[in-house]
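The structure appears right after this line, and notes come after that.
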């Protein structure tokens, strides 16, 4: 537990900077992803700043309809959940400016806070009344429960190894060189967690939840205009937050902003590159996949901690 | 004091005079009969009272001025007086009962009834063995005759078979007496017992075998009970009730009197084995019976077998006379009542009992009470008798006999509660039964006697039943008696009683959170208050509901407050049956509650086994459990933990719970899930945990039993959560969810650490709040829509917005997502797991908690989101009382969300008392930290609220002001609008891919296991039942077989007939040391202080 050394106002200033920066960076990554995928598929692809254009477009779009209060609250939960998640994770180790509100809770808090947005989103989309959004939500929930098992095992392994659930302490335990990263000191946990990450990020082969091309299903089709912008920025910061978490857990955190940016980029692109190569799983295949080797790796990681 | 000999002489004389009196008219003979009975009962009862108070001494009567051993002497002691009083009361009730039942009342019936009483008195009082034979003949002949008065073919056939076997018994008895007389030269029992060991011969050995087999036949021992059971089936139940209350007890007492003759370990083993075999097998065979009276026959045989089993224990001072007396009293009272009921509702087959006494609430209550009594549940005398008997056995070398005894008792639950299940009200309009007073009075009198004695016992100061608990229970009793009041009035009164009781509890300081008992009492009070409030909005289905509910709450207070092991178990069993009757009140409750009582019964017996192990270790109070050491501590702990695991529905023993939770009345389920499921947890905490505390390393090899329990908890959390995902019945979904949540609590307790216990206690409270909220809200939805099926609902958010909000809060809390209070529970539990080093289990718990998301979404979506069904467009919000109780619970959740410390700080104090170590390094109302992690509840809440407000403001700012709310059917279906508009709600096969993924683990293996288990038991019963062919010759063969078996294998004649040869081979030749065989016990008056009739000692 390291309470912030900053007083409230500077704290708030840096929090706003962090959040805006994270959203901006998330959008850039989104652009890069589209570019990279296009190149892999032999297309030219949109410019890297395309997500910014999209975001501004939807912000100023108008909608003439609404579906009820819960429908409003969906994107609110989603965006607030994503930003809240980001704010619970310290970004730069030892730098109070980028420590965010991480004194509010430890790793367990971060884990459970991830669901906050998902739940709100699911409820909001479901109130739209479109049966297809519910189909997508059930797929998403099924997949989420599955990848959480290897992820939980990895978290338990790391917490047991560190003797703490505090993200600060976990990062602190990895200082002193690349060799101290949990990626290397507990490779099995890293395997489990990084495989779980593929599901968490919902890119191919685990993208049936969004089913981006073929059928218009899922929450994104239900929302437009300002709702959509909230969701887009939420998704951008959510992606970054997850990568920051993984960075803190496995890559020794970051001591400078630059290191954070680089590490987040590589973690993010791990799922993109996998997605570029592998075709899509059906939901039950995805569930079984996560309950298979990733879980085995996680169990092995925990056993390794218990035995050694 | 009336001269005891008049108890024989008067009825005998009257019996001969009655035909003359009858000349004056039937009324006259009835009056004479009645007066005789009153005299008989009055005389016996006055003896019993006087002996009980000690104002007179036990009396020996010498007949014909010849002192024993030459003359015949009688003895009147307390046991005799009680047995005869009971016989007298039974005689009165039976006479009353038989009046309207006989088509052509003949004087013979009355004469025989009186003769039976005379025989009973003689059999009970005499101390001369030949005289005993004479009275046995008198009773036997009267029995045959009264049985043969029945004109039915069945009765005649049964009576004939009974007579043949009875004849054999008489012959054996006579032969035995003759041999003994030849050996000892005396007929006086005490004299004979004193002389026999010195003069023992082969002839005496055979004589004892004959005597024993005679007793087996007379007392319906296995396998010679065939004719007696036929008798129950064929003969008028009023007559059978009379026999149960008179002859049977007298013969049992006669056996007790000649017991000193059966010296030696071998005889002790034979008698006990025979009794126990009769008990267990009789109950086993009864499970297969479809005919009610035959079932009662098996049950009688079994119960008497149990008493026979205890006779040697009584002789060895293992079991007190009081305990045995209570068991005998209970059996007579309950069995006679049940027999009378089979006469009032004359259906042979158990299936024909559907809707029995539906129009007669008094008879229904009495019938239920009789079943409770015979099953040995409190407050009836059998419960106390069983406890004292078991406690005596536990402290003796006979402790292992407790095992078959409990097994047999559980089998009793199986068939008696099946009977109760079958007798539940049917769908067809119940036939109207007009029951004359003289038919319903006898069972009422007997039940009242049992109840009064039992309640007196419950008032025993050693039991520690608090006056608060009594207040709740008496309120419940009064409401039960006032069940004729309109439902609304009862609900109001019940709520007032709960409110008053809660205020009194609060003002007496019983709700202090920093003690375990206070914490759990608070749970009970919160649950009772909030759910009683909700019930004001949703009427109960049955008028007994409110009274039973208060009784249940009172029994919970007993469990939570008492320090006595007996008081604890009495409260526990009271809780079992009151909740059973409440579950039974649901629409499909009878079937579900049957499973409930079977598993609760099994759990109860496991707990009893654990407590008995503790008693064996010398413990009497809960606080004394800490003194247990070694294996005693280990086994007590294991049995208690097993009972707990069954009672909370752990994986493997969970099949009862979803049914019970979902079929119980909608307004009762929240209490069942929120409060009652926590009581076993408290029990474990208060009782079992004490055992391990004082540093007893309870390890089974390298295996820590607590670790096993932890895995049971973890697997339950996982398995039940997974099953919840696939439920379409919303109550069943929440039921599985409850089981899973209690799994976490068990896991927390199993950790046996301050953090683990803190997690479990916190989760207990939190689970009460959120699961109560969900169940209450669901009850409102069911009340309005009339369906429990999720796929029938949808889109109710517009119609029931408050209920939607309540469910939303409930599911967020359950899921453990911050910022609501559920998170703190998960946070504590995982840290406790890591601290304990149970890493895999912690990960499993995390996984299980995340598996809850799918079903939570399913719950809220299928009911409230998606598209509203046409038929639900006019649905109203739940009743105001329900909404109000929702808000109370939500307020509680919100308080815990921002300031979990308000509860966690006292909990920490409570737990510290056990482990000496605080769970937290920092603990304020809003901020918590442990060695492992930290959590700022207020900070997270404010962060979430601020962020949500900012985002919402942003969206509202950018949205245009004029938007149209889209109606349900204004949606795009991939560019096409389906004509005509119809609702499309995704609710069937909701998680189909998920189900496919998990299909290998979803096979119903546990159900299959229990099914095959019960089938095996029943087929075993079926196979054993075939022993009784119904053929008199077979029965004779059995009798011969038993004699031969005993003579040839167990007591082979000594090689030399010399009485002085104490052969090492055969056990009986060795004269039993005088000290170990107090032959006088049988002829002495029971020592003052051992008082049958319920004084707990």
Quiz item: Angle, helix B:545-561 long axis vs. longest principal axis of chain B, Cα atoms, 0 to 90°, nearest 10?
Solution: 90
Quiz item: Helix A:187-201 versus the longest principal axis of chain A: what angle, 0 to 90°, nearest 10, using Cα atoms?
Solution: 10
Self-check item: Relative contact order for region B:16-105, counting Cα pairs under 8 Å that sit 6 or more residues apart, in percent
Solution: 29
Self-check item: Per residue, the convex hull volume that the Cα atoms of region B:757-860 enclose (Å³)
Solution: 94
Quiz prompt | Angle between chain B longest axis and helix B:437-458 axis [Cα atoms, degrees, rounded to 10] | solution = 70
Quiz prompt | Three-way shape label, region B:650-692, alpha-carbon gyration tensor, a/c 1.5 | solution = oblate
Quiz item: Hey, how much of the P(r) for region B:17-79 falls beyond 14 Å, as a percent of Cα pairs?
Solution: 69
Quiz item: So how far, in whole Å, is the C-alpha centre of region B:781-858 from the one of region B:323-380?
Solution: 44
Quiz item: In which sequence would B:89, B:782 go, from the one with the fewest C-beta neighbours within 10 Å to the one with the most?
Solution: B:782, B:89
Self-check item: Sequence-separation-based contact order of chain B, relative, with Cα cut under 8 Å and 6+ spacing, percent
Solution: 12
Quiz prompt | Ordering of B:887-893, B:983-989, A:103-109, B:133-139 by burial proxy (mean other Cβ atoms within 10 Å per residue, highest first) | solution = A:103-109, B:133-139, B:887-893, B:983-989
Quiz item: What translational D, rounded to a whole number of µm²/s, comes out for region B:607-733 from Stokes-Einstein when the hydrodynamic radius is the Kirkwood one over Cα pairs, at 25 °C and 0.890 mPa s?
Solution: 155
Quiz item: What is the packing order of peptides B:766-772, A:79-85, taking the mean over residues of other C-beta atoms within 10 Å and listing the highest first?
Solution: A:79-85, B:766-772
Practice problem: Please report, in whole Å, how far the alpha carbons of region B:461-550 spread along each principal axis, starting with the longest. | Solution: 39, 29, 18
Self-check item: Square roots of 5 times each gyration tensor eigenvalue, C-alpha, region B:140-278, largest first, Å
Solution: 31, 15, 13
Quiz prompt | Measure of compaction for the protein assembly as shown (Cα Rg per 2.2 N^0.38 Å) | solution = 1.09
Exercise. Against the globular-protein guess of 2.2 N^0.38 Å, express the Cα radius of gyration of region B:459-947 as a ratio, rounded to two decimals.
Key: 0.92
Self-check item: Label-point separation, residue A:37 to residue A:175 (7 Å along Cα→Cβ), nm
Solution: 3.9
Quiz item: Can you give the direction-averaged projected area of the convex hull of the alpha-carbon atoms in region A:14-307, in nm²?
Solution: 14.9
Quiz item: Out of the DSSP beta bridges found with both residues in the protein assembly as shown, what percent are antiparallel (nearest 5)?
Solution: 90
Quiz item: Looking only at other chains, what is the average number of their beta-carbon atoms within 10 angstrom of each beta-carbon in B:930-941?
Solution: 6
Practice problem: State the extension gain, in nm to one decimal, for the chain segment bounded by residue B:504 and residue B:623, taking 0.36 nm per residue of separation less the distance between their alpha-carbons. | Solution: 40.3 nm
Practice problem: With r as the distance between the Cβ atoms of residue B:965 and residue B:873 and R0 = 22 Å, compute the FRET efficiency 1/(1 + (r/R0)^6) and round to 0.05. | Solution: 0.90
Quiz item: What is chain A's relative contact order, in percent, from Cα pairs under 8 angstrom and six or more apart in sequence?
Solution: 28
Quiz item: Please state the equivalent ellipsoid semi-axes for chain B: what are the square roots of 5 times the Cα gyration tensor eigenvalues, largest first, in whole Å?
Solution: 61, 32, 25
Practice problem: Take peptides A:227-240, B:363-376 and line them up by average Cβ neighbours within 10 Å, highest first, as a rough protection proxy. | Solution: A:227-240, B:363-376
Exercise. Give me a single rounded figure for A:92-103: the average over its residues of other chain Cβ atoms within 10 Å of their Cβ.
Key: 1
Quiz prompt | Sorted by Cβ neighbour density within 10 Å, fewest at the top, the residues B:153, B:678 | solution = B:153, B:678
Quiz item: What fraction, in whole percent, of alpha-carbon pairs in region B:750-812 exceed 18 Å separation?
Solution: 48
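Go ahead and run the numbers for FRET between residue B:66 and residue B:23, Cβ-Cβ distance against an R0 of 60 Å, rounding to 0.05.
Values: r = 39 Å, r/R0 = 0.64.
E between residue B:66 and residue B:23, to the nearest 0.05, is 0.95.
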Quiz item: How many angstrom separate the Cα center of region B:458-500 from the Cα center of region A:86-128?
Solution: 50
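Just so you know, all these numbers are worked out from the coordinates, no wet-lab data involved. All values derive from a computational prediction rather than experimental measurement. We place every Cβ from the backbone using ideal geometry, glycine too, and count neighbours over all the protein chains shown.
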